Structure formats: C-alpha cells, structure tokens
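Heads up: the structure comes next, in structure tokens.
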Amino acid sequence: MARAIQSVERAAALLRLLGGAGRPLALAELAAALDLPRPTAHGLLRTLREEGLVAQESSSGRYLLGEGLGRLGTPWDRHDLRARAMNWADALAAGTGCAVYLGVPSADGAGVDLVHHVFRPDDTPQRLRTNTTQPLHATAWGRCLLAFAPASVRAVEPLDTYTRATVTDPAALTREITATRRRGWAADAGGWEPGVGGLAVPVRSGGGLTVAALGIGAPVEELFAADGRARPEVVVELVAAAAEIADGLEGLT
C-alpha cells in the first residue's frame, strides 16, 4: 500500500480542526492540537492562506476557514481572468502581429469559450469572437484544453468537419493531444477556418492547474514553416506571455 503524503495529511488535519472548532484558533493551539512544531504549522497555514483555504484575523492573528473552500467546486471567475490577462494579450498581439485569444472550458465541457479576443494589429477585416464557443478538436486553444485540462473538457464524437484540414478521426486526435502534452503547446493548421492557423499554450494557476488556453491566430504561412513546423520565435513569445499572465493569477478565486 502506498504511503500517505505527510504534508497533505497535516494540511487536511488543520482544515478539519479549524472547521470543527467553532471559533478562530491561535497558531499555538493548532500546533499543540496536532503535535506539530510551530514553524511547521505556520508554514502549512501560510500556504493554505495563500490558496484562500484559510483566513487570518487581522486583529488577533487567529486562524479560521477561508472563503476559498466554498468555491472549490465552482469555475474560475472569467471576468477576473480576462482582466488580468488583457495587458499581456495586447502586448502579445503587438509583438507577434497575430490575433490573440483567451479560452476557457465551456459550461458543458464540450467546447472552448473565448473570453477575450485581441484583433490582429493591421487593417484586415476581423470579427470579434469574444463570448463565442468554438470546437475543441478543431482549434489550437481547444486542443490545448484537451491536453492540459482533461478533467474539464471532452471531445464529443463524432468530430465535426469544418475544413479539409479538420482532424475528425478520434485516433488521430488522440495522437495530436499526446504530442501537444509532450511539446507543451498546441497547434492547428487550418482545421477551424480555411487557411487560418493557431498556436496555444496553457495558462496555469497556483499548483499547476490549467485555467485557460492562451492562443494566437494568423494565416497558416505566418505561423508555420513550409515543413509544417511552428515558427519557434512565435512560440517563445506565446509561452512568455502565458507565464506572465500566470504570475498575475496569484490569489485569483
């Protein structure tokens, strides 16, 4: 039988103790109740507080359960997520010359909802895609969620055809998702719109949870070389922008 992870056991015990006490508890009380050194108890409480699972009274310094516990089963706030990503999305569009998309799992998990869209910084005709839902299997941002947020989304079969480049074979899609996980980013070469490609990377919150997909879209030839490989300089900019957005998600609930 596999051994339990001690730090997780201790964190769970702290939460149970706080939940059953009926009043805020001091660090000394918590440490004594669980037979923990004060520095160990304090480190666990600090981490739980940063995650919103524990709160601390400003007047007494005592601890109680945090509001984050009540939100464990609810999705991330889309408006807050969009607000924290806007500046980096704008900079990404300016730096790459591509349209930028921020997508999250749809309510039913069968699609990707676009919560933010920055136009390509040129004079080409464009239509705002914010608040629309796109297919998982035919877009880079959808494939990104399939690869890195599999508990939140699922590809519904049969896989619809949108262009000649749409992947509609489930086995082929599985291979593509496996490749996406291996390299760390998703790609689509015209599977949703003819001649329009996409690249996407996961946006992660604390603990590594993928909360969104950050993607760029442009004509296929601007994102991919003649041999089909994604242009590395564009991928580098995309990865860097996602990392900056992730850094700003600390404390987002």
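Could you tell me whether any residue of the stretch 2-19 is at pLDDT 90 or above and part of a strand (DSSP E or B)? Checked the stretch 2-19: no residue is at pLDDT 90 or above and part of a strand (DSSP E or B). Filter the stretch 64-99 for residues that are touching a Gly at 6+ places or on another chain (Cβ under 7 Å) and at pLDDT 95 or above; which is farthest from Arg127 (Cα to Cα)? My answer is Cys98.
When Ile177, Ile245 are checked against the criterion of being in contact (Cβ under 8 Å) with a residue 12 or more places away in the chain, within 16 Å of Leu145 (Cα to Cα) and β-branched (Val, Ile, Thr), Ile177 stands alone in meeting it. Of all residue pairs spaced 6 or more apart or on separate chains, those with beta-carbon atoms under 6 Å, a first member in the stretch 188-216 that is surrounded by fewer than 21 Cβ atoms within 10 Å (Cβ to Cβ) and a second member that is of a type in the set (Ser, Thr, Tyr) and assigned to a strand (DSSP E or B) are Arg204/Thr210. Candidates in the stretch 28-61 are the residues that are touching a residue at least 40 places away in the same chain (Cβ under 8 Å) and outside any loop (DSSP other than H, G, I, E, B); of these, the one that is surrounded by the most Cβ atoms within 10 Å (Cβ to Cβ) is Val54.
Within the stretch 217-236, the set of residues being among the acidic types (Asp, Glu) and surrounded by 15 or more Cβ atoms within 10 Å (Cβ to Cβ) comprises just one member, Glu222.
The values are calculated or read from the model by the stated rules, or taken from the named source; none is laboratory data. The shown structure was predicted, so the numbers you read here are calculated from the model rather than taken from an experiment. Cβ atoms come from the backbone with ideal geometry, glycine included; neighbour counts cover every protein chain shown.
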